[in-house]
């Protein structure tokens, strides 16, 4: 990219050179805290994570190089890691798309409302701000098979409700419902995008005889697809990090003082939880770092997809 | 409601024309669609707000009733909110959370504005690379860096305190920088040039011209920073998990049900205490929140 000066001068003169030097100094000054942060809180720990993943670090004694041993243990040795990988994959493949579709559906309903649209938007968005721990504790209580209102309501409808957070088959669907409840952020983003679709496009499509489905498929979707992609990729990255709700739900549903990560039956053990346990409960810091490297590679792959495609990150855009 | 889409009175005189019948049908259909759409919206609103109402109702029940399936409190036991503070160190947790959230908000705002301004307004070599770095930091799962970070803070003897949670935001928070940059791109350059021609240096341009214009963005970023800290579980778990005196509300609440009270009513009271600031502030500042969210998703 070419460098521009803020004030265009016809020739490179001595004052201009001084000005350019001052410019550079100013940029450096404004960015200095960011550069420090970038180095100390990203580059340094990232390099250390990669290095530690090849060592037997245990957080206390001097780490020794052990080659690929941690990665071999990851592939063939850790009895719980495939549980964790499968659970995290489940969240990424089922929970995140469910969230995107649900948020899109709610946004489309809200966009069509003629009365009280902004009130409804407010109500739909509010749960997204609820602290994840508080929301999870509340959901475990609501879905409690004995005293919770959810199974009672299902019972009134003649449905025998499942054990939800206490059943290995239903714990992840229950977490998905919790995620849907908090999907207001996506909903607001979709709603803003839907309202920006030019009305003329719909009118033109209607004149051409397009039904509701065709209008959605050929007018709405192409216009909002960059926003949907943005929401999906950030959702996937959040899914890869999924930790708090799984941890708290298993702790509260289990009801035991001894933590039981993954309760019931390892069904809520996610990849970042396994990383946490390896690092902070078992002090296998080297192995935890190997897991961190895997997480890093996967998350970056999705970020690259986002940068390639989404317009929100139009980095070439210059100030107007 | 049915009158909204009724045919115009002038048309009504031409009784029984097939044309009119068709219009009537279309009008009825539109009315039905209107009703259906608003019914769905009301149903969704109940689903979204229901859990919060449930938390509140359960939090004022008696111990015994909160273990049953009944939804409405027989006896409104407001004293639960007092009991909660004596059952568990909720007061300490609350104080720690407020300190963490206020400190993180102040440092985030202070450090992120100049970085965002430079990224949005200065032209320099490597600007795109710098912005790419911001996005990378924003997208990077915190778990990737947690082990070396913990070791670093341990070497500085700061684990067990909230310092490791606050100090990093002195050096810019990626999400805040991103959001502020998106906003700054929308400020017309002419305003800035006018100030520059009047002889203002860049720092003066930023503080005198840009900052007042940025108020909505600053409010949004401040609110997000505050509630990110307020809601944070992972950070406090890593750094203060072993020292209960420094626990935040999120950390305490996670263990509340198992270690302090088997009663759901007290657990829900503590839950509502954790949620209350979010709900209250949201109703005062919902516009700022929604504008902020919109800014992250749509091209700035």
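In the list A:106, A:96, A:50, which residue meets the criterion of being out of contact with any strand residue (DSSP E or B) (no Cβ under 8 Å at 6 or more places or on another chain), surrounded by fewer than 19 Cβ atoms within 10 Å (Cβ to Cβ), touching a residue at least 12 places away in the same chain (Cβ under 8 Å) and not in a loop (DSSP other than H, G, I, E, B)?
On the way: A:106 fails: surrounded by fewer than 19 Cβ atoms within 10 Å (Cβ to Cβ); A:96 fails: surrounded by fewer than 19 Cβ atoms within 10 Å (Cβ to Cβ).
When all the criteria are applied, what remains is A:50.
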What's the number of the only condition in (1) over 16 Å from the mean Cα position of the chain (by Cα); (2) in a helix (DSSP H, G or I); (3) at pLDDT below 95 that residue A:266 fails to meet? (2)
Looking only at segment B:108-126, filter to residues that are surrounded by fewer than 20 Cβ atoms within 10 Å (Cβ to Cβ) and in a helix (DSSP H, G or I); which one of those is farthest from the other protein chains (Cβ to nearest Cβ)? B:109
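Residue A:79: farther than 16 Å from residue A:192 by Cα, outside any loop (DSSP other than H, G, I, E, B), under 27 Å from the mean Cα position of the chain (by Cα) and more than 11 Å from chain B (Cβ to nearest Cβ), yes or no?
no
For the condition under 23 Å from the mean Cα position of the chain (by Cα) and either on the phi > 0 side of the Ramachandran plot or facing another protein chain (nearest Cβ under 9 Å) (or both), what is the one hit in B:188, B:164, B:168, B:216? Lay out the reasoning, then the answer.
Values: B:188 fails: under 23 Å from the mean Cα position of the chain (by Cα); B:164 fails: either on the phi > 0 side of the Ramachandran plot or facing another protein chain (nearest Cβ under 9 Å) (or both); B:216 fails: either on the phi > 0 side of the Ramachandran plot or facing another protein chain (nearest Cβ under 9 Å) (or both).
Answer to the selection: B:168.
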Please go through (1) buried (at least 22 other Cβ atoms within 10 Å of the Cβ); (2) part of a loop (DSSP other than H, G, I, E, B) for residue B:256 and return the number of the only condition it doesn't satisfy. (2)
When residue A:30 is run through (1) surrounded by fewer than 18 Cβ atoms within 10 Å (Cβ to Cβ); (2) at pLDDT below 90; (3) within 11 Å of chain B (Cβ to nearest Cβ), the failure sits at (1)
Taking the stated definitions as given, is residue A:140 within 14 Å of chain B (Cβ to nearest Cβ) and buried (at least 24 other Cβ atoms within 10 Å of the Cβ)? yes
Could you tell me whether residue A:178 is closer than 25 Å to residue B:140 by Cβ, facing chain B (nearest Cβ under 8 Å) and either crowded, with 20+ Cβ neighbours inside 10 Å or modelled with pLDDT under 90 (or both)? no
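Here's the yes/no breakdown for (1) within 21 Å of residue A:276 (Cα to Cα); (2) assigned to a helix (DSSP H, G or I); (3) outside the structural domain of residue B:110 (by TED's automatic domain parsing); (4) in contact with a helix residue (DSSP H, G or I) (Cβ under 9 Å, 6 or more places away or on another chain):
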site	(1), (2), (3), (4)
B:151	yes, yes, no, yes
B:164	yes, yes, no, yes
B:176	no, yes, no, yes
B:207	no, yes, no, no
B:210	no, yes, no, yes
B:222	no, yes, no, yes
B:228	yes, yes, no, yes
B:242	yes, no, no, no
Applying the selection to segment B:95-107, what residues are surrounded by fewer than 18 Cβ atoms within 10 Å (Cβ to Cβ) and either within 10 Å of chain A (Cβ to nearest Cβ) or under 19 Å from the mean Cα position of the chain (by Cα) (or both)? B:98, B:99, B:102, B:106
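Filtering segment B:260-291 down to residues that are within 17 Å of residue B:63 (Cβ to Cβ) and at the interface with another protein chain (Cβ under 9 Å from one of its Cβ atoms), which residue is surrounded by the fewest Cβ atoms within 10 Å (Cβ to Cβ)?
First pass over segment B:260-291, keeping only residues within 17 Å of residue B:63 (Cβ to Cβ): B:260-272.
Now restrict to residues that are at the interface with another protein chain (Cβ under 9 Å from one of its Cβ atoms): B:262, B:264, B:267-268, B:270-272.
Details: B:262: 12, B:264: 27, B:267: 28, B:268: 27, B:270: 29, B:271: 30, B:272: 21.
Looking at residues that are within 17 Å of residue B:63 (Cβ to Cβ) and at the interface with another protein chain (Cβ under 9 Å from one of its Cβ atoms), I get B:262.
Criterion first (more than 10 Å from chain A (Cβ to nearest Cβ) and in contact with a helix residue (DSSP H, G or I) (Cβ under 9 Å, 6 or more places away or on another chain)) does residue B:60 satisfy it? Give the derivation first.
Numbers: more than 10 Å from chain A (Cβ to nearest Cβ): yes; in contact with a helix residue (DSSP H, G or I) (Cβ under 9 Å, 6 or more places away or on another chain): yes.
Yes.
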So residue B:240 fits all but one of (1) within 21 Å of residue B:142 (Cβ to Cβ); (2) within 16 Å of the chain's Cα centre (by Cα); what number is the exception? (2)
Farther than 19 Å from residue B:54 by Cβ and within 12 Å of chain A (Cβ to nearest Cβ): does that describe residue B:252? yes
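Looking only at residues in segment B:36-50 that are in contact with a helix residue (DSSP H, G or I) (Cβ under 8 Å, 6 or more places away or on another chain) and within 16 Å of residue A:122 (Cβ to Cβ), which one is farthest from the other protein chains (Cβ to nearest Cβ)? Even if it seems obvious, please write down each step before you answer.
Here is the first cut: in segment B:36-50, the residues in contact with a helix residue (DSSP H, G or I) (Cβ under 8 Å, 6 or more places away or on another chain) are B:37, B:40-41, B:44-45, B:47-49.
Within this subset, residues satisfying the condition of being within 16 Å of residue A:122 (Cβ to Cβ) are B:41, B:44-45, B:47-49.
On the way: B:41: 5, B:44: 6, B:45: 5, B:47: 8, B:48: 5, B:49: 6 Å.
Top of the filtered list is B:47.
The values are calculated or read from the model by the stated rules, or taken from the named source; none is laboratory data. Please read these numbers as outputs of a predicted model, since none were measured by experiment. Every residue, glycine among them, receives a Cβ derived from its backbone with ideal geometry; neighbour counts consider all protein chains shown.
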